[in-house]
Amino acid sequence: MLTDFLPHKPDPRRWFASERTELSAMKRPATAATLLLAVLFVFQLGFLCWCNLTQWQSHLDGDSSTQIVKVLEIWKAGSLSLSNWNDTTTLLLDMPLSLAAALMPLFRDPFLSYGVSNIIWLILFVYGIWQLLRRAGCTIALRLLALFLILTPYSYTEVLGYANCLLVQSAYYLVRAVYMVYLLYSLMQLYRKERGFGHLITWLFTMGLGAWIGMSSGTFMLLLVLLPVIAGFVVRAFAADRPRLLLSSGSVFLILNLLGFGAGYFVQRNVVHFSSRDSIIAWNSYTEFLSNLSKVIQGYLKLTNALPADGGVMILSSEGIAFGIAFVVSMVILAGTLLCLWRISHAPSAACHAAGNERGLLFSALLSIVGVDTLILVGASLAYGELVYESRYLIFLLIASVLLLPLCLPWLKRAGGLYVPVLFLVTALCVVNAFLCDAGYVSHPSYDFSYAKTVTNALNAAYPDVKIVYMVTDDHDRKVLRTADSNKVYRMVTGNYNPGDYTYYNDGTGLEAGSLLLATDAQYAAMPAELSSRFVKTDMPQFWLYLDKTGYSTNDPQPYSVYYCADGGIDLTSLPVTD
């Protein structure tokens, strides 16, 4: 009835009622072990919150700096639509960036705002996984195991690794991962015929988020999540010999999500007039199937921190042992998926019979995500000429595989008492691996942001009225300096379309106070004479930019000198466009 969906007074006595019942039914050792695991999980979640609030600037890079700059630009413009901005492969709005911009009036610090935004989305992510697995009948211990596996900052040294793409820093895929989990969570609620105001909010939130993602990044999540879930939903109905399931409320919900994606995609193309990267994806030939499959497998190992990015790591060294533990954990996740496939092939009639219940629904959706995503990643040309896929594209596949693990581990109860020792060993390994990755993330800072502030403060003190600083390079140097200085604009000397960057002073006008140039001696010598002749070297000290934790520049082996031009700026629109 309609009244079931109206707001009601909260009843705290019902909160965690099933968890309290489960704990009270356990024996004392099992209760103690479960509570200890819960405490460790709270510590892990707290660690990620601490990283998001305090470690942003120590792990800043060129890609993540773009998110910070766009947060500042949205805040200054008071609008998500920016007239002085070049977008990247997406509009970047289906990331924590949008909420971070909304939090700027409160915190007035883009790093803190983004960190708080990450925490809010992380809490939504954790809540969705917890409720999803609870409805699938998973025990508290199995839910905590899955959350530990998902909240481990794997591949922490990669700019676009698992940690930076999902848990900390820019968290590019966090909002999309929330959509994936809440899509499954909503389907479980609808199957169980749950009613309530909170459920209605969950369904509307999921559909709205899908439309928002479609507007920002096009068909990316449609291909990797929504269509696979729809395929699993359809296959499940026929496998269970219950075609009537296709006429359920779950079908209506999936259709509404599909329409929402379509509406968002229509807005992107016809209102915003933007084309996301999905419009230019190339596909491989059949002859490249095996080579691309190997790239996907290696990408999975790279994603889960199972293999070192560089050689020279000895097996019995402390670092080698850490990689060994991560390798075992990655194999456990993979074994869970293989166990599901073996179970289906070993007893197909029982699998078809079970497909009609709520666990069968989740099994079908998750296995479909794993299967379809693998085929897409093998077929699509996403390796960019490298031997290994960029691991970020496997994040949703990994999440689906992890969620399958707590569903299949209870099958070991039939294997002569293996369940408890295997669960204990796997959980211990996952916890140790998580804490090792935590330590690795903290001990591998990539940038000394305080030095970037020193450089920009010196420029502002010497030339307070100058509005623009030109740089020849478009590497981390210029990109990171943009985040350290809100008084000046840092532009690259090029006539090309520069994605993920502002477009102020394109024609060089409005710069009566002159302009500055930061360049090494080699960069200055390589500039066209008609440009370099306008800039005179100042007596300011030279700067070593993009310092890593060792104190040495990781970009250009030469220091940067400061040059000044008294007669305006550079007309970037007049420069030739290069490949």
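Table for the structure above
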{"read-out": "Helix-only mean residue ellipticity at 222 nm for the chain, each DSSP H run of n ≥ 4 adding -39500 (n - 2.57), per residue, nearest 500", "value": "-18000 deg cm²/dmol"}
{"read-out": "Protection proxy ranking of 459-471, 293-305 - average other beta-carbon atoms within 10 Å, highest first", "value": "293-305, 459-471"}
{"read-out": "Mean accessible surface per residue for segment 40-95, computed with a 1.4 Å probe while every protein chain stays in place, in Å²", "value": "36"}
{"read-out": "Hull shadow area, averaged, the chain [alpha-carbon convex hull, nm²]", "value": "30.0"}
{"read-out": "Solvent-accessible area of Met207 with every protein chain in place, 1.4 Å probe, in Å² to the nearest 10", "value": "40"}
{"read-out": "Karplus 3J(HN,Hα) series, Hz, for segment 491-499 with 6.51 cos²θ - 1.76 cosθ + 1.60 (x for Gly, Pro)", "value": "10, 8, 7, 7, x, 6, 5, 10, x"}
{"read-out": "Solvent-accessible ranking of Thr139, Thr90, largest area first, probe 1.4 Å", "value": "Thr139, Thr90"}
{"read-out": "Segment 561-572 - phi-based ³J(HN,Hα) in whole Hz, Karplus 6.51/-1.76/1.60, Gly and Pro as x", "value": "9, 9, 10, 10, 10, 7, 10, x, x, 9, 7, 5"}
{"read-out": "Degrees, to the nearest 10: 249-270 long Cα axis against longest axis of the chain", "value": "10"}
{"read-out": "Area of Tyr154 that stays accessible when all protein chains are in place (1.4 Å probe, Å², to 10)", "value": "0"}
{"read-out": "Largest to smallest accessible area among His199, His273 [probe 1.4 Å]", "value": "His273, His199"}
{"read-out": "Beta bridges by DSSP in the chain, antiparallel share as percent, to the nearest 5", "value": "65"}
{"read-out": "Whole-Å semi-axes of segment 48-142's equivalent ellipsoid (Cα gyration tensor)", "value": "30, 15, 12"}
{"read-out": "Proximal lysines to Lys467, defined as alpha-carbon separation beneath 30 angstrom and excluding residues fewer than eight positions away on the same chain", "value": "Lys70, Lys76, Lys453, Lys479, Lys488, Lys537"}
{"read-out": "Those lysines that a straight Cα-Cα span of less than 21 Å connects to Lys27, excepting residues fewer than 8 apart in one chain", "value": "Lys413"}
{"read-out": "FRET efficiency estimate (nearest 0.05) - Cβ-Cβ, Arg192 to Leu418, R0 30 angstrom", "value": "0.45"}
{"read-out": "Residues with amide H under 5 Å from that of Tyr490, placed H, sequence gap 5 or more", "value": "Val469"}
{"read-out": "Net charge, Ser574 excluded, C-beta distance under 11 Å - Lys, Arg +1, Asp, Glu -1", "value": "-3"}
{"read-out": "Solvent-accessible area of Met215 with every protein chain in place, 1.4 Å probe, in Å² to the nearest 10", "value": "30"}
{"read-out": "R0 of 35 Å, Cβ-Cβ distance Asn496-Val432: FRET efficiency to nearest 0.05", "value": "0.15"}
{"read-out": "Heavy-atom accessible surface of the chain: percent carbon and sulfur, 1.4 Å", "value": "66"}
{"read-out": "Estimated vicinal HN-Hα couplings, Hz - segment 105-122 in sequence order (Karplus 6.51, -1.76, 1.60; Gly, Pro = x)", "value": "x, 7, 9, 6, 9, x, 5, 5, 4, 5, x, 5, 4, 4, 5, 4, 5, 4"}
{"read-out": "Helix 358-379 axis, angle to the chain major axis (alpha carbon atoms, nearest 10°)", "value": "40"}
{"read-out": "Label-to-label distance, nm, for residues given as Phe274 and Ala77 (7 Å Cα→Cβ offset)", "value": "0.9"}
{"read-out": "Residues of segment 449-507: accessible area per residue with a 1.4 Å probe, Å²", "value": "37"}
{"read-out": "Nonlocal amide H pairs with Ala380, under 5 Å, H built at 1.01 Å", "value": "Asn284"}
{"read-out": "Residues of segment 125-197: accessible area per residue with a 1.4 Å probe, Å²", "value": "19"}
{"read-out": "Residues whose placed amide H lies under 5 Å from that of Asp448, excluding near-sequence neighbours", "value": "Leu547"}
{"read-out": "Efficiency of FRET from Cβ geometry, Ser443 and Ala529, R₀ 45 Å, rounded to 0.05", "value": "0.45"}
{"read-out": "Exposed GluC sites (Glu not before Pro) absent - longest run of the chain, DSSP non-H/G/I/E/B, at most 16 other C-beta within 10 Å", "value": "1-193"}
{"read-out": "Total formal charge among the other residues, if their Cβ is under 15 angstrom from that of Glu530, Lys/Arg +1 and Asp/Glu -1", "value": "-1"}
{"read-out": "Proximal charge balance of Ile395 [Cβ under 11 Å; K/R count +1, D/E count -1]", "value": "0"}
{"read-out": "Helix 174-191 vs. the chain, principal-axis angle (Cα, 0 to 90°, nearest 10)", "value": "20"}
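The values are calculated or read from the model by the stated rules, or taken from the named source; none is laboratory data. Only a predicted model underlies this, so the values are computations on that prediction, with no experimental measurement involved. So basically every Cβ, Gly included, is an ideal-geometry build from the backbone, and we count neighbours across all protein chains shown. Please note that ligands, DNA and RNA were not included when accessible areas were found on the heavy atoms of the full protein model with its side chains. Shrake-Rupley method; radii C 1.70, N 1.55, O 1.52, S 1.80 Å.
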